[in-house]
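For reference, the structure discussed in these notes is given below.
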Amino acid sequence: MPAPALFVASGLTQYLGAAVAVGLFGQLPAATVAWLRIIVAAAVLIVWRRPWRTRWERADLVAIARFGLVLAGMNVAFYIAIDHLPLGTAVAIEFLGPVAVVAVTGRGWRERAAIVPAAVGVVLLAGVTLRTQGGRSVVVGLVAILVAAALWAGYIVLGRRVANRGAHGQGVTSLGLAMAAGGLVFAPFLAGGALPVLHDVRLGGLVVMIAVFSSVVPYAVEQVVLRRVSAATFAVLLALLPATAAVVGAATLRQLPHWLDLVGLLLVSCAIALTSLRGTGPARRARRRAPAAPTGSARPDRPGSPDASA
């Protein structure tokens, strides 16, 4: 399945989970909902992948722990943001993180050119809501989503490096360990607010749904895609997420987009189209004829080294 189609499916699933989470913020703190999502998702992935069957090197575990800390921080900051900002707006601003990755790691002219429509689209998507709202709540949301954006950039870089380590399919196993590590780090600060879940079966079921929809499915898909595309291409493909978040926000949370939002989404789609053209000529045909690189090695169509440490 093409990468854009994978991201549409995983994005819809991810933000359906986020919409459910917004409905829980009146019963649990937003940061605690994010922490519960991480812990439950970690448990699901660990039971499924059984990481104890793999012999891990110290360097791998260090990389996984760093990835998990960034991943957990990104989710906590994002949930705080969507407690104060509309879902589509929050996702659009968070996209500033992937745009920064494109600017730093992009090599082809299309990847660099895609920054322009993507950036303008993000500004339009974010600007409408920011102009119509005000007060301390919006400031809190803005600070939180900017932190999430920075951590999202780190997630892309570290996630790719974790995905490139070890045998095929080990990326999802590493993801489960990373979530467990991040959840443990944040536990002293957020676990106390999760006590109501122990006494409410319905609340616990919704938390499990959020974890599966927003973590297990989309992050597993991303780990697969990260093995096949460059960090820059992956970052711009993530431009699909503001569009899916806006659709989910409109359908489930009544957050109807302004016409300028639609223009912004069109510009983001243009950015995605530019990166989709990458490698359609002789370079791609040459790569198809070339022998497959050994698992975990550096490949010529990807920047950086997988041995340097999402």
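None of the figures in this text is laboratory data; all of them are computed from the coordinates on show. Just so you know, these numbers come straight off a predicted model, no measurement behind them. Note that each Cβ is placed from the backbone with ideal geometry, even for glycine, and that neighbours are counted across all protein chains shown.
The trypsin sites (Lys or Arg not before Pro) of segment 1-61 that meet both conditions, a loop assignment by DSSP and at most 16 other Cβ atoms within 10 Å of the site Cβ, are R55. Each peptide in 200-209, 13-22 was scored by the mean count of other Cβ atoms within 10 Å over its residues; highest first, the order is 13-22, 200-209. Across the options V44, L16, I82, the greatest Cα extent toward the positive end of the charge dipole of segment 1-141 (unit charges at beta carbon of Lys, Arg, Asp, Glu) belongs to V44.
Could you tell me the calculated FRET efficiency between M209 and V47, based on Cβ-Cβ distance and R0 = 22 angstrom, to the nearest 0.05? E between M209 and V47, to the nearest 0.05, is 0.80.
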